[in-house]
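Worksheet for the structure shown next.
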Amino acid sequence: MAKPLQGTVALVTGASSGIGEATALALAEQGADVAIAARRVDRLEALAERIRRAGAEVLVLETDVTKEDEARAMVQKTVARFARLDTLVNNAGLMLLGPISDADVTEWLRMLHLNVEGLMFGTHAALPHLLDAAQQEPRRVADIVNISSVAGRVARSGAGVYNATKFAVGAFSESLRQEVTKRHVRVSLVEPGMVATELGSHNRPEILVQLRAGLPIDEPLQATDIADAIVYVITRPRYVTINEVLIRPTQQER
C-alpha cells in the first residue's frame, strides 16, 4: 500500500535538532524523500542515516538560511537532486528573550535575520517549484508550513522582539496564502507552546532562570508532537487546508 507522501519531496530547515529533526523523520516515514538543512552538518548526517533506514532518499544541506544566496542554493540543490519540491517546512528559528530597555540589539538582529528573513528567503526561492508541483501527480497540491509560536499570538513583557518576529511570520503567511491558495499551494502556520527542545537554551543565564520559574510545566510538548501535527496538515486531501494550528501542553495557561 502506497504511503501518503510517496513520490513527493520535502525540504525542512533547522533539521539538526528538535522539531525540524522530528519532522524530517516523520515525513520520510510517510513516504517523502527529504532534504534536510541546517548549519550543524554532523547532526544532519546522523539524521540522514535514520531517514535512509525509514526507506527514503535524503539530501544533506549545510545551510545558513539567513544568507540569501545559501537559502536559494538550498532550494536549487534540492530540485537538482530530486527534480521537484512539494513541501517546504520553515522551522529554523531562534528565541532570545529579555527586556527591550538596555537590550543587546545584536540579539534582536539575530532573531530578525533567522526567524523572518531566513523564512522569507527560503519561501521565495521555493515558491516557483511548489507551484509547479501543485499541478503534478501524485498529489496535485503543495505545502508551505511555517513554524511560529504562541508568541506570535500574544505579546508579553520580556519577549518583545521575539514576539515581533513571530507576528511577522503570521502576517507573511496569511498574505502569501491569499496569493497562492487558488493555485493549490497551501500555507499553514503551526504555533507551538512550550516544547522540550534546545530553543530556550541559547538565552543568557539570568534569562534561563526566569524561564524555568515562569513556566512550571511538568509535561511539555515533545518535538514529535509538533511533527505529528505537521504531518496531519500536509497529508490532508487536496481540497482541505489547515491554515493554523495552535498546540500547547495541557498545563500551559497562556
Closer than 17 Å to I234 by Cβ and out of contact with any Ser or Thr (no Cβ under 8 Å at 6 or more places or on another chain): which single residue out of V180, V190, V161 fits that description? V180
Matching residues in segment 82-115 - criterion: being modelled with pLDDT of 95 or more, of a type in the set (A, V, I, L, M) and under 18 Å from A38 (Cβ atoms): L85, L88, V89, A92, M111, L114
Which residues, counting only those in segment 40-71, are over 18 Å from the mean Cα position of the chain (by Cα) and assigned to a loop (DSSP other than H, G, I, E, B)? A54, G55, A56, E57
Would you call V116 in a loop (DSSP other than H, G, I, E, B) and free of Cβ contacts under 8 Å to residues at least 60 places away in the same chain? no
Considering only segment 219-235, state which residues are part of a helix (DSSP H, G or I) and more than 9 Å from A196 (Cβ to Cβ). T224, D225, I226, A227, D228, A229, I230, V231, Y232, V233, I234
Does L130 fit the bill of being under 18 Å from the mean Cα position of the chain (by Cα), part of a helix (DSSP H, G or I) and under 21 Å from V12 (Cβ atoms)? yes
Take S188 and decide whether it is modelled with pLDDT under 95 and among the small types (G, A, S). no
Kindly indicate whether L96 is out of contact with any Ser or Thr (no Cβ under 9 Å at 6 or more places or on another chain), assigned to a loop (DSSP other than H, G, I, E, B) and crowded, with 18+ Cβ neighbours inside 10 Å. yes
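The values are calculated or read from the model by the stated rules, or taken from the named source; none is laboratory data. Because the structure is a prediction, the values reported are computed rather than measured. Cβ: placed from backbone, ideal geometry, glycine included. Neighbour counts: every protein chain shown.
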